[in-house]
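The values are calculated or read from the model by the stated rules, or taken from the named source; none is laboratory data. Computed from a prediction, not measured in an experiment: that's the story for all the values here. Cβ: placed from backbone, ideal geometry, glycine included. Neighbour counts: every protein chain shown. Surface accessibility is based on the protein's heavy atoms, side chains included, excluding ligands, DNA and RNA. Shrake-Rupley method; radii C 1.70, N 1.55, O 1.52, S 1.80 Å.
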Amino acid sequence: MRRGKPLKRNWNQNELDEHFSLLPNENHLVLSKKTSANRLGFAVLLKYFQQEAQFPNKKQDVPKEVVQHVADQVDASVEDFFDNYGWGGKERSYTEHRKAIRNLFGFRELTANDKHLFAEWLGEQVQFTHDTDYLKNQAYSFFRTWKVEPPSLGSLKRM
């Protein structure tokens with residue numbers, strides 16, 4: 001798992017099949033979404049989170065070939081994701097999809113207490129290194145261990 005780095009851009013067919021094929025129980029969750037854009041959006045977020053233990057910051061963080069692979073499984077088009085799927089905290093479906101996916105994997109949103117624990121952890125870590133890439137990767141492992149959705153990269157840098 002490449003914590004803190006973007007999802008790799010190029011996938012061969014075997015990798016797509018292994019990492020981005022919907023399982024029967026996932027298919028059931030996806031097919032409950034009414035529109036093709038919501039089916040595809042939910043499925044892409046689900047498979048991305050399964051790989052990265054976080055959500056993409058923007059749609060363009062998901063390689064088009066990954067979206068195409070998932071779209072083929074849910075009877076949708078790539079355009080349904082990039083043009084028609086509502087994105088961001090003000091979009092009700094997007095917010096509900098993220099919540100459902102977090103719940104499915106037993107994750108929760110970052111709390112003020114988590115930030116406090118993270119600050120303490122970080123204070124200990126910087127005594128040993130100032131390598132920001134190392135610290136960022138360790139931070140993502142920290143959040144994964146705590147089953148907490150990590151903050152955005154910008155928020156993490158500020159923290």
field: Positive minus negative residues near ASP80 (Lys, Arg vs Asp, Glu; Cβ under 14 Å)
entry: +1
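Largest first, how would TRP121, TRP146 line up by accessible area (1.4 Å probe)? Before the final figure, lay out each step's value.
Values: TRP121 40, TRP146 115 Å².
Solvent-accessible surface, decreasing: TRP146, TRP121.
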message: Counting only helical runs of four or more DSSP H residues, what would the 222 nm mean residue ellipticity of the chain come to if each run contributes -39,500 (n - 2.57) and the total is spread over all its residues?
response: -17500 deg cm²/dmol
query: Any idea what the dipole of the chain comes to, in debye rounded to 20, about its Cα centre with Lys/Arg Cβ at +1 and Asp/Glu Cβ at -1?
result: 440 debye
task: List the residues whose amide H sits under 5 Å from the amide H of VAL148, counting only those 5 or more places along or on another chain, with H placed 1.01 Å from N in the peptide plane.
output: ARG108
query: Under the definition of Cα pairs under 8 Å and six or more residues apart, what whole-number percent is the relative contact order of the chain?
result: 25 percent
statement: As straight-line cross-link partners of LYS58, the qualifying lysines (C-alpha separation under 22 Å, not fewer than 8 residues apart within one chain) are LYS5, LYS8, LYS33, LYS47, LYS90, LYS99, LYS136, LYS147, LYS157
Probe 1.4 Å, accessible area per residue of the chain, Å²: 57 Å²
statement: The simple spin-label model distance between ASP131 and SER21, using points 7 Å out along Cα→Cβ, in nm, is 3.7 nm
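Could you work out what % of the accessible surface of the chain is carbon and sulfur, using a 1.4 angstrom probe and leaving DNA, RNA and ligands out of the count? All intermediate terms of the calculation are to be shown ahead of the outcome.
Working: 4400 of 9030 Å².
Whole-percent figure for carbon plus sulfur exposure: 49.
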field: For percent of Cα pairs over 28 Å apart, calculated from these coordinates, the label among [x] 52; [y] 37; [z] 24
entry: [z]
Per-selection Kirkwood Rh - segment 64-156 (Cα, Å, 1 d.p.): 15.8 Å
- request: Between LEU7 and LYS147, with labels modelled 7 Å along Cα→Cβ, what's the label distance in nm to one decimal, could you check?
  value: 2.3 nm
